[in-house]
Amino acid sequence: MKLRKVTAASAVVLALALSATACGGDKKDDTSGSSSSGGGGGTIKIGIKYDQPGLGLKKPDGTFAGFDVDVATYVAKQLGYDADKIEFVETKSADRENALARGDVKFIAATYSITDERKQKVDFAGPYLLAHQDLLIKTDSTIAKGTDLNGKKLCSVTGSTSAQNVQKTIAPDAKLKKVSSYSECIAALQNGAVDAVTTDDSILAGFASQDQYKGKFKLAGLKLSNENYGVGVKKGDSATVDKINKALEKMVSDGSWQKAVDANFGPANYKNEQAPKIGVIVPNAS
Ligand code: GLU
């Protein structure tokens, strides 16, 4: 009897140990951003922005909206994951390469421009949108071109191409304040701490159309760069890149891409470019 009890207890210990191993197994898979490669009950972690209206936004009720969210959701579905199997993770501009290298997420759809420098560290599917760097200024601002920014206070985000372009080419003598997210820049523009915010026109249009900013801000309308948005994937994961490229092609051909454009950019009155061809990057003038 006593012996039996011990055996039962050992069985419980064994069962616990086994389930702990199983959890460990899940965790290991989770480090590549998904708990099952083919879907079927597993979940997938996807990196997006949380504070960019029209692109990647975490709403007060905890749900997510935006063009990147729709692209991510469509792609996930093609990879075998229904929307309820997606776990969105915030990937700020400066965190994207590391999040992929660490395996925090399976892929990133977060206004992530494809660049040669980034391609040293991550792989990209796409492009799926072509945007352009622009300036957001107060409605009464006299800033009209990139070089007007020299000597002016400008805000952009660490780890973005926008900040890099300002420093290298657009206005090297601007007083650039770098923060971790665009919403911080918008707050700085509103309270007069900076004269302009610079990043992609797609992002700026989303902010400008928010009720609280209507009539206060305008886009300068300068196409200061070409930003080819790609879906970032861990370096070397060419199987996932191929699958995502197929998904993106399908998203365009079945009309879902245009539907997502209309739903997310329509309210901001953002006039986007045509859907890019997969693998075709529009370069920047050098
Ligand atoms: N698309 C640019 C980039 O990847 C600017 C927007 C952003 O920071 O996400 O850096």
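How far apart, in nm, are the 7 Å Cα→Cβ label points at LYS271 and ALA193?
3.4
Order of PHE207, PHE265 from fewest to most other C-beta atoms within 10 Å? Please list the in-between numbers first.
On the way: PHE207 24, PHE265 21.
Final ranking by Cβ density, sparse to dense: PHE265, PHE207.
My understanding is that a pair violates if its Cα-Cα distance is over 26 Å; which of LYS177/LYS216; LYS152/LYS277; LYS58/LYS218; LYS119/LYS250; LYS168/LYS214; LYS153/LYS235 do that in this structure?
On the way: LYS177/LYS216 21 Å; LYS152/LYS277 38 Å; LYS58/LYS218 24 Å; LYS119/LYS250 24 Å; LYS168/LYS214 32 Å; LYS153/LYS235 36 Å.
Table pairs above 26 Å Cα-Cα are LYS152/LYS277; LYS168/LYS214; LYS153/LYS235.
What ranking of LYS234, LYS59 emerges when the number of other C-beta atoms within 10 Å of each C-beta is taken as an exposure proxy, fewest first? Numbers along the way, then the final one.
On the way: LYS234 22, LYS59 11.
Ordered from fewest to most neighbouring Cβ atoms within 10 Å, LYS234, LYS59 come out as LYS59, LYS234.
Once you charge only the Cβ atoms, +1 for Lys and Arg and -1 for Asp and Glu, what is the size of the charge dipole of the chain about its Cα centre, to the nearest 20 debye?
Numbers: 38 positive and 33 negative charges, 146 e Å.
Taking the Cα centre of the chain as origin, the dipole is about 700 debye.
How large is the charge dipole for segment 30-137, taken about the Cα centre, if only the Cβ atoms of Lys, Arg (+1) and Asp, Glu (-1) carry charge, to the nearest 20 debye?
Roughly 140 debye, rounded to the nearest 20.
Taking R0 as 30 Å, what FRET efficiency do you get between GLN212 and LYS250 from their Cβ-Cβ distance, rounded to the nearest 0.05? Please list the in-between numbers first.
Working: r = 37 Å, r/R0 = 1.25.
With a Förster radius of 30 Å, E is 0.20.
Taking every pair of Cα atoms in the chain, average 1/r, invert it to obtain the Kirkwood radius, and report Rg/Rh to two decimals.
Working: Rg = 22.0 Å, Rh = 20.2 Å.
Answer for the chain: 1.09.
Given the DSSP H assignment, sum -39500 (n - 2.57) over each helix run of at least 4 residues in the chain and divide by its residue total; what's the result at 222 nm in deg cm²/dmol, nearest 500?
-10500 deg cm²/dmol
Would you mind calculating the gained length between ASP116 and ASP61 on full extension (0.36 nm times residue separation, minus the Cα-Cα distance), in nm to one decimal? Please list the in-between numbers first.
Details: separation 55, 0.36 × 55 = 19.80 nm, distance 3.78 nm.
So the extension gain works out to 16.0 nm.
Need one number: nm distance between label points at GLU184 and GLN78, each 7 Å from Cα along Cα→Cβ, rounded to one decimal.
With each label point 7 Å from Cα toward Cβ, the separation is 3.5 nm.
Please give, to one decimal in nm, the separation of the simple spin-label points placed at ALA101 and LYS223, each 7 Å out from Cα toward the Cβ.
3.4
Where the centroid of each part is defined by its Cα atoms, how far is segment 181-227 from segment 69-118 in Å?
24
Run the paramagnetic zone check for LYS153: 7 angstrom along Cα to Cβ, then residues of segment 166-199 with backbone nitrogen under 14 Å.
Output list for this probe position: 175-179, 185-197.
For segment 174-275, what value does the Rg/Rh ratio take when both radii are computed over Cα atoms and Rh is the Kirkwood radius, given to two decimals?
Details: Rg = 16.8 Å, Rh = 16.2 Å.
Using Cα coordinates only, the ratio equals 1.04.
List the residues whose amide H sits under 5 Å from the amide H of LEU222, counting only those 5 or more places along or on another chain, with H placed 1.01 Å from N in the peptide plane.
Placed amide hydrogens put LEU135 under 5 Å from LEU222.
What is the angle, in °, between the Cα long axis of helix 256-265 and the longest principal axis of the Cα atoms in the chain? Nearest 10 is fine, range 0 to 90.
60
For ALA285 and ASP173, compute 0.36 nm times the residue count separating them, minus their Cα-Cα distance, and round to one decimal in nm. List each step's numbers first, then the result.
Numbers: separation 112, 0.36 × 112 = 40.32 nm, distance 2.04 nm.
The span from ALA285 to ASP173 would gain 38.3 nm if fully extended.
Where a number appears in this text, it was derived from the coordinates with a stated rule and is not lab data. This is a predicted model, so every value here is computed, not measured. Methodologically, a virtual Cβ is constructed for each residue, glycine included, from the backbone with ideal geometry; neighbour enumeration extends over all protein chains shown.
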